[in-house]
1. Can you put MET79, MET1 in order of Cβ neighbours within 10 angstrom, beginning with the fewest?
2. Whole-Hz ³J(HN,Hα) for each residue in segment 9-22, computed from phi via Karplus 6.51 cos²θ - 1.76 cosθ + 1.60 with θ = phi - 60°, x for glycine and proline: what do you get?
3. Let me check against my output: what whole-number percent is the relative contact order of segment 4-59, with C-alpha pairs under 8 Å and at least 6 apart?
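Derivation of every value follows stated rules applied to the coordinates shown; laboratory data play no part. Computed from a prediction, not measured in an experiment: that's the story for all the values here. Cβ: placed from backbone, ideal geometry, glycine included. Neighbour counts: every protein chain shown.
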Amino acid sequence: MWTAAFWKATAERAIRTFAQALAAVLVAGATSLLDVPWGAAFATAGLAAVLAVLTAVGASEAGAKGPGITERPTTPAPMPAASTPTAGGPGAGGPAAGGV
């Protein structure tokens, strides 16, 4: 919980939750954008974002190292080793090349 990666993932989750909750309130109202009670819409979305942060903090010690219980932080894939020609390969003059 005390890493920058944790807080970056938590902030991303809170922003995503805020946007989803705001979209849900706007769609549920099914009114024009001029008639939307913006104060209530932003309050609902803000509360959802705060709950997302509190859920991440509460779950931080419950499972993996990420902000969620079931997720794992990603690590970069290992770089493939550079291929080098080996003895006996093409052009080595061995039996594959027709030698004895």
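1. MET79, MET1
2. 5, 5, 5, 4, 5, 5, 5, 5, 5, 4, 5, 5, 5, 5
3. Here the relative contact order equals 52 percent.
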